[in-house]
Each structure stands twice: as structure tokens, then as C-alpha cells.
């Protein structure tokens, strides 16, 4: 149960961080809502990658080619 809570927290955290940064960027640049949209999508993608890495679906290193 703790692992599931950690995975969901990482996903939600990435989205919320992206939303907060996008909102601040839009307020600073006056580019509403584009910063929010772009950074929420990037936060979601980062959260999904974090969850996959933590769950063991992906390795934490880069792609490994043939030796």
C-alpha cells in the first residue's frame, strides 16, 4: 500500500508542480493559458516517467546499446 501511495504522489506531484510553474510563468509573461497548458503536460510526462522508473518498468540509466 505504501508503494502505491508513493507512486500516486509522484504522479500528482509532477502535475501540480507543472501547473504551479505554468501559472506563475503565465502571470509573469502574460501568455495565459499557454504556459499552464505546456507545463502541465510536461509535468504529467515527467510524473509518468518517474512512476515507471520507480515501479521498475524502466531502468534509471540511459538506453543501453549492444556491447
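The numbers here are math on the coordinates, done by the rules we state, and not lab data. Predicted model, so just to flag it, every value in this text is computed and none were measured. For neighbour counting, all protein chains shown are included, and Cβ atoms are generated from backbone atoms with ideal geometry for every residue, glycine included.
Ranked by the mean number of other Cβ atoms within 10 Å per residue, highest first, peptides 19-27, 3-11 order as 19-27, 3-11.
Label-to-label distance, residue 23 versus residue 37, with points set 7 angstrom from Cα along the beta-carbon direction: 1.9 nm. In this label model, residue 57 and residue 9 are separated by 2.1 nm, measuring between points 7 Å along each Cα→Cβ vector. For the chain, a Gaussian network of Cα nodes joined below 10 Å ranks 35, 47, 18 by mean-square fluctuation, and the top entry is 35. What is the chain by shape, rounded, prolate or oblate, if you read a ≥ b ≥ c off the alpha carbon gyration tensor as root eigenvalues and call it rounded for a/c under 1.5, prolate for a/b larger than b/c, and oblate otherwise? Oblate, because a/c is 1.5 or more while a/b does not exceed b/c. Relative to the longest principal axis of the Cα atoms of the chain, the long axis of helix 2-29 makes an angle of roughly 30 degrees. Helix 34-55 and the long axis of the chain differ in direction by around 20°, with both axes built from C-alpha atoms. Among 57, 38, 12, a tally of other beta-carbon atoms within 10 Å of each Cβ gives an order, fewest to most, of 57, 12, 38. Normalised by the number of residues in the chain, the mean separation of alpha-carbon contacts (under 8 Å, six or more apart) gives a relative contact order of 34 percent.
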